Amino acid sequence: MTTTPVKFYQVGSFAVGNRLLPQDQRSVQSDMERTNALTSGHRACQGCGEALGARYALDAAMRAADGQVIAVNATGCLEVFSTPYPESSWRIAWLHSLFGNAPAVATGVAAALKAKGHTEVRVIGQGGDGATVDIGFGALSGMFERNDDVLYICYDNEAYMNTGVQRSGATPPAARTATTQAVGPQPGNVFGQGKNLPRIAMAHEIPYVATATVADLRDLEAKVTRAMEFRGARYLHVLVPCPLGWGSASCDTVKIARLATQSGLFPVFEAEHGEVVASTPIRHRVPVEEYLKLQARYSHLFSPKRRDDVIDKLQAAADRNIKRYALLDEVRRYEAFEDEGAL
Amino acid sequence: MLKQVEGSVAVAEAVAYCRPEVICAYPISPQTHIVEGLSKIVKKGELANCEFVNVESEFAAMSVAIGASATGARTYTATASQGLLYMVEAVYNASGLGLPIVMTVANRAIGGPINIWNDHSDSMSQRDSGWIQIYAETNQEATDLHVQAFRIAEELSLPVMVCMDGFILTHASERVDIPEQSDVDKYLPPYVPRQVLNPADPVSIGAMVGPEAFMEVRYMVHAKTLRALEVIPKAAAEFQAIFNRDSGGLIRPYFSEDAETVIIALGSVLGTIKDVVDEQRAQGVSIGVLGIITFRPFPFEAVRAALKNAKQVVIIEKAFQVGIGGIVTENISSSIAGLDIKSNTVIAGLGGRPITKTSLHTLFNNATAGILAPLTFLDLDQGLVDREILREGAAL
């Protein structure tokens with residue numbers, strides 16, 4: 001990747017010193033005039049990756065659309081923690097209908113805006129992985145196929161967290177959930193075929209598909225901004241660690257998201273019209289074990305008996321991503337190194 | 001304009017004259033001709049500022065309608081049978097959110113066993129969904145009810161289901177006076193939403209309501225729905241003033257004022273019933289008809305007043321509650337509670353079984369002779385089902 005011009009990294013982190021940048025290169029969140037689309041006072045858990053991701057994504061969308069945004073939300077944590085009647089944390093026009101229909105409702109909003117000639121107003125659909133990968137999958141595919149003018153954002157925390165951490169189609173293999181318990185000879189979730197929604201979105205050849213994480217919020221802002229440059233169906237898949245569901249420390253949300261990318265388990269890339277056009281290189285490659293160890297949902301892989309067989313299979317999945325998206329490509333690494341200047 | 005036209009085509013034209021801004025649909029027999037007609041009108045550019053969205057399921061159809069209506073667009077969709085069931089979650093959501101969507105239900109049976117022909121099982125299953133339900137007797141009325149439906153829906157900010165019998169009405173060609181655009185414009189003002197998604201004045205719609213307020217929210221919906229009993233007759237009266245036709249309203253009495261026996265039904269079967277009643281009245285039988293147009297909310301007081309002189313009612317229903325009996329019957333019973341009126345339920349026409357004049361004559365003769373059973377399944381092959389019941393009993 002990527003489109004962001006900023007490459008000023010502090011040592012050991014991706015934090016960007018906005019103070020040192022010209023005004024127009026600073027992050028959306030550093031802007032005193034930002035929308036605060038999802039404002040404070042909501043009821044998300046401490047360290048919630050979804051709340052963090054949604055705030056950055058929506059504020060970036062609001063800046064890109066000059067404040068002309070309508071958001072449609074699927075049922076789930078984001079909806080529940082943001083709008084306990086009579087309160088609302090949304091400072092933008094916002095509609096929640098059902099669990100499985102957010103993409104179709106967003107289509108309806110876009111159709112109404114088109115009929116009324118308000119095409120300056122942009123539509124965002126959003127939901128968790130359950131709403132996106134499972135129950136709303138048909139509606140999402142329909143929205144993609146028709147190329148409706150909607151940016152759909154999936155905040156993926158890899159299970160049904162709102163109902164108490166049950167397995168979803170996005171739950172990774174071996175992960176413990178309330179419906180894939182760490183018991184029996186093959187503890188945790190099965191090694192299925194997986195359901196890679198960014199790739200499924202790409203198969204629809206929609207104008208723009210991207211992945212991001214809450215470890216690189218500047219990248220998330222840039223992806224949203226880029227997505228808003230297109231018309232038609234766009235898809236953004238954001239990895240958002242969930243301290244409650246993953247059994248991780250609240251203070252580790254960003255760290256775990258970073259380890260997901262640096263291990264190769266979660267590739268960060270962009271695709272246009274069905275083709276990958278950029279991926280974010282791994283800077284400091286780590287074995288998957290470093291990512292797994294911080295999360296209680298994988299603790300059965302380390303005690304009482306270490307399960308190297310399972311860890312190896314997860315490592316193989318990470319290795320496959322690294323190859324598929326050229327995350328460690330030598331030439332690419334060199335260019336990235338050059339770009340990063342400060343190093 | 002008078003036209004010899006298929007019911008679906010007439011409805012499609014009438015809906016187009018209502019200037020919908022978003023139409024979405026998923027095809028299901030016997031609704032197809034309506035949305036085909038509308039898609040053609042939109043595609044040809046004859047309906048300005050309208051988006052026709054071909055969706056991938058009925059669940060998406062109602063969901064698109066929800067999004068469009070919440071954005072302030074006049075919104076229409078149509079479905080039937082399994083399609084209506086497939087969208088049920090969104091059907092309840094639309095009424096809960098108070099969105100004035102108009103939907104045609106081309107009434108069809110529900111499987112299994114799968115059956116594409118007409119009865120009222122589909123819309124009757126949604127009687128508690130919070131939608132207003134009005135039933136058309138003829139293609140003229142189906143056409144007119146759609147124009148009224150937008151008016152009623154938008155005045156109340158509630159969705160309206162216009163129910164018309166699948167095939168019997170949707171696929172029948174007959175004379176229909178299709179409303180003129182200028183008259184529809186006179187009757188139906190532009191849609192002004194109660195609440196709308198607008199970036200300039202942002203609101204949150206669809207918040208989670210907990211135990212501390214849910215009862216109140218639901219009561220408000222109840223109170224608003226009851227207002228339909230005033231709004232619907234007003235809408236019909238104003239329709240008559242402009243179009244010079246008696247269409248819609250709550251109920252339609254037909255020689256029921258002083259009849260001893262009153263036949264009660266909904267939808268197109270009323271035509272056959274009236275023919276039979278005409279013939280019986282000519283023979284001096286004291287018999288009349290009460291057509292129910294508005295089924296939700298149910299017009300208890302109007303029905304009670306219409307039946308005050310009756311000695312018995314025969315309720316002909318195209319759907320039933322398995323293990324219980326009539327659905328309309330329960331509402332009629334509530335209406336006439338305390339009055340000395342005998343009530344008979346007749347389940348008829350399930351899955352498209354023809355309801356013939358011959359069968360109705362026999363039925364009404366039995367009723368006036370006082371020998372009609374409280375619950376009858378019209379033209380049931382009793383011998384066949386008795387044998388089957390016996391065989392199943394033996395197998396146990």
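The values are calculated or read from the model by the stated rules, or taken from the named source; none is laboratory data. Remember, predicted model here, so these are calculated numbers, not experimental data. No Cβ is skipped: glycine too gets one built from the backbone with ideal geometry, and neighbour counts run over all protein chains shown.
Residues are listed down the side, and each one gets a yes or a no for (1) crowded, with 24+ Cβ neighbours inside 10 Å; (2) under 19 Å from the mean Cα position of the chain (by Cα); (3) among the basic types (Lys, Arg):
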| site | (1), (2), (3) |
| --- | --- |
| A:Gln23 | no, no, no |
| A:Gln29 | no, yes, no |
| A:Cys48 | yes, yes, no |
| A:Ala54 | yes, yes, no |
| A:Ala61 | yes, yes, no |
| A:Ala74 | yes, yes, no |
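Quick one: which of A:Ser248, A:Ser299 is more than 29 Å from A:Leu151 (Cα to Cα), polar (S, T, N, Q) and not in a helix (DSSP H, G or I)?
A:Ser248
Within the range A:221-247, take every residue that is in contact with a Gly (Cβ under 8 Å, 6 or more places away or on another chain) and closer than 25 Å to A:Ala182 by Cα and give me the one that is surrounded by the fewest Cβ atoms within 10 Å (Cβ to Cβ).
A:Pro243
State whether one or more residues within the range B:218-227 are crowded, with 20+ Cβ neighbours inside 10 Å and within 30 Å of B:Asp177 (Cα to Cα).
Going through the range B:218-227, the residues crowded, with 20+ Cβ neighbours inside 10 Å turn out to be none.
Looking through the range B:218-227, none of the residues is crowded, with 20+ Cβ neighbours inside 10 Å and within 30 Å of B:Asp177 (Cα to Cα).
When residues of the range A:99-110 are filtered for being in contact (Cβ under 8 Å) with a residue 12 or more places away in the chain, out of contact with any Phe, Trp or Tyr (no Cβ under 9 Å at 6 or more places or on another chain) and either among the hydroxyl-bearing types (Ser, Thr, Tyr) or within 7 Å of chain B (Cβ to nearest Cβ) (or both), how many remain?
From the range A:99-110, those in contact (Cβ under 8 Å) with a residue 12 or more places away in the chain are A:99-107, A:109-110; that's our starting set.
Now drop any that are not out of contact with any Phe, Trp or Tyr (no Cβ under 9 Å at 6 or more places or on another chain), which leaves A:99, A:105, A:107, A:109-110.
Next cut, either among the hydroxyl-bearing types (Ser, Thr, Tyr) or within 7 Å of chain B (Cβ to nearest Cβ) (or both) only: A:105, A:107, A:109.
So the answer is 3.
Taking strands (runs of 3 or more DSSP E) that do not extend beyond the range B:105-200, which have at least 2 residues that are under 12 Å from the mean Cα position of the chain (by Cα)?
Hits in the range B:105-200: B:132-135, B:160-165.
Search the range A:111-140 for residues being part of a helix (DSSP H, G or I) and β-branched (Val, Ile, Thr), and hand back the single one that is nearest to the other protein chains (Cβ to nearest Cβ). Reasoning before the result, please.
Initial filter on the range A:111-140 (part of a helix (DSSP H, G or I)): A:111-116, A:129-135, A:137-140.
Okay, now just the ones that are also β-branched (Val, Ile, Thr), so A:132-133, A:135.
Details: A:Thr132: 15, A:Val133: 17, A:Ile135: 10 Å.
Among them, the one singled out is A:Ile135.
Say we look at the range A:63-72 and pick out the residues that are under 21 Å from the mean Cα position of the chain (by Cα) and not charged (D, E, K, R); which of these is farthest from the other protein chains (Cβ to nearest Cβ)?
By that ranking, first place goes to A:Ala64.
Just one of (1) within 14 Å of chain A (Cβ to nearest Cβ); (2) at positive phi trips up B:Pro202, so point out which.
B:Pro202 satisfies all of (1) within 14 Å of chain A (Cβ to nearest Cβ); (2) at positive phi except (2).
If I ask for residues that are β-branched (Val, Ile, Thr), more than 9 Å from every other protein chain (Cβ to nearest Cβ) and under 16 Å from B:Leu38 (Cβ atoms), which ones from the range B:71-98 would you list?
B:Thr77, B:Thr79
Give me the pairs, please: first residue somewhere in the range B:259-274 and in the same structural domain as B:Ile293 (by TED's automatic domain parsing) and over 19 Å from B:Gly370 (Cα atoms), second residue anywhere and of a type in the set (D, E, K, R) and part of a strand (DSSP E or B), beta-carbon distance under 9 Å, and either six or more positions apart or on two chains.
B:Ala265/B:Glu317; B:Leu266/B:Glu317; B:Gly267/B:Asp165; B:Ser268/B:Asp165; B:Val269/B:Asp165; B:Leu270/B:Arg252
Mind listing whichever residues of the range B:348-365 are within 19 Å of B:Gln312 (Cβ to Cβ) and surrounded by fewer than 16 Cβ atoms within 10 Å (Cβ to Cβ)?
Going through the range B:348-365, the residues within 19 Å of B:Gln312 (Cβ to Cβ) turn out to be B:348, B:359-365.
Scanning the range B:348-365 gives B:His361, B:Thr362, B:Asn365.
Only one residue in B:Val192, B:Val196 is touching a residue at least 24 places away in the same chain (Cβ under 8 Å), within 14 Å of chain A (Cβ to nearest Cβ) and surrounded by fewer than 15 Cβ atoms within 10 Å (Cβ to Cβ), so which one is that?
Result: B:Val192 is the single residue among B:Val192, B:Val196 that is touching a residue at least 24 places away in the same chain (Cβ under 8 Å), within 14 Å of chain A (Cβ to nearest Cβ) and surrounded by fewer than 15 Cβ atoms within 10 Å (Cβ to Cβ).
Tell me which residues, restricted to the range B:201-218, are touching a Leu at 6+ places or on another chain (Cβ under 9 Å) and not in a loop (DSSP other than H, G, I, E, B).
So the first thing to find is which residues in the range B:201-218 are touching a Leu at 6+ places or on another chain (Cβ under 9 Å), and the list is B:203-206.
Once the filter is applied, which keeps residues that are touching a Leu at 6+ places or on another chain (Cβ under 9 Å) and not in a loop (DSSP other than H, G, I, E, B), the range B:201-218 yields B:Ser204, B:Ile205.
Applying the selection to the range A:283-321, what residues are more than 22 Å from A:Glu158 (Cα to Cα) and either of a type in the set (Ser, Thr, Tyr) or touching a residue at least 24 places away in the same chain (Cβ under 8 Å) (or both)?
A:Arg283, A:Arg285, A:Ser303
Yes/no matrix, rows are residues, columns are (1) farther than 25 Å from B:Ser95 by Cα; (2) more than 11 Å from every other protein chain (Cβ to nearest Cβ); (3) touching a strand residue (DSSP E or B) at 6+ places or on another chain (Cβ under 9 Å); (4) of a type in the set (S, T, N, Q):
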{"residue": "A:Thr83", "(1), (2), (3), (4)": "no, no, yes, yes"}
{"residue": "A:His96", "(1), (2), (3), (4)": "no, no, yes, no"}
{"residue": "A:Leu151", "(1), (2), (3), (4)": "yes, yes, yes, no"}
{"residue": "A:Asn157", "(1), (2), (3), (4)": "yes, yes, yes, yes"}
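If the Cβ limit is 8 Å and pairs must be 6+ apart or interchain, which residue in the range A:153-174 that is within 16 Å of A:Phe266 (Cβ to Cβ) pairs with which residue that is among the acidic types (Asp, Glu) and in a strand (DSSP E or B)?
A:Ala170/A:Asp156
Looking at (1) touching a residue at least 40 places away in the same chain (Cβ under 8 Å); (2) surrounded by fewer than 24 Cβ atoms within 10 Å (Cβ to Cβ); (3) polar (S, T, N, Q), which is the one condition that is false for B:Ser182?
(1)
Could you say whether any residue in the range B:247-269 is assigned to a helix (DSSP H, G or I) and under 22 Å from B:Thr138 (Cβ atoms)?
Within the range B:247-269, one or more residues are assigned to a helix (DSSP H, G or I) and under 22 Å from B:Thr138 (Cβ atoms).
If you check B:Ile316 against the conditions, is it part of a helix (DSSP H, G or I) and surrounded by 22 or more Cβ atoms within 10 Å (Cβ to Cβ)? Steps first, answer last, please.
Numbers: part of a helix (DSSP H, G or I): no; surrounded by 22 or more Cβ atoms within 10 Å (Cβ to Cβ): yes.
Criteria not met by B:Ile316.
Scan the range B:309-364 residue by residue and report those that are in contact with a Ser or Thr (Cβ under 8 Å, 6 or more places away or on another chain), of a type in the set (Lys, Arg) and within 26 Å of B:Pro113 (Cα to Cα).
Scanning the range B:309-364 gives a single hit, B:Lys318.
Can you tell me which residue in the range A:85-94 is farthest from the chain's Cα centre (by Cα), limited to those that are at the interface with another protein chain (Cβ under 7 Å from one of its Cβ atoms) and in a loop (DSSP other than H, G, I, E, B)?
Step one: list which residues in the range A:85-94 are at the interface with another protein chain (Cβ under 7 Å from one of its Cβ atoms), which gives A:85, A:88, A:90-94.
When the remaining residues are screened for being in a loop (DSSP other than H, G, I, E, B), the result is A:85, A:88, A:91-92.
Details: A:Tyr85: 27, A:Ser88: 23, A:Arg91: 21, A:Ile92: 21 Å.
So the residue we want is A:Tyr85.
Among B:Gln31, B:Gln4, which is the only one that is among the polar types (S, T, N, Q), buried (at least 20 other Cβ atoms within 10 Å of the Cβ) and touching a residue at least 24 places away in the same chain (Cβ under 8 Å)?
Result of the check over B:Gln31, B:Gln4: B:Gln31.
Would a scan of the range B:142-156 turn up a residue that is touching a strand residue (DSSP E or B) at 6+ places or on another chain (Cβ under 9 Å), surrounded by fewer than 17 Cβ atoms within 10 Å (Cβ to Cβ) and not assigned by TED's automatic domain parsing to the domain that holds B:Gly349?
no
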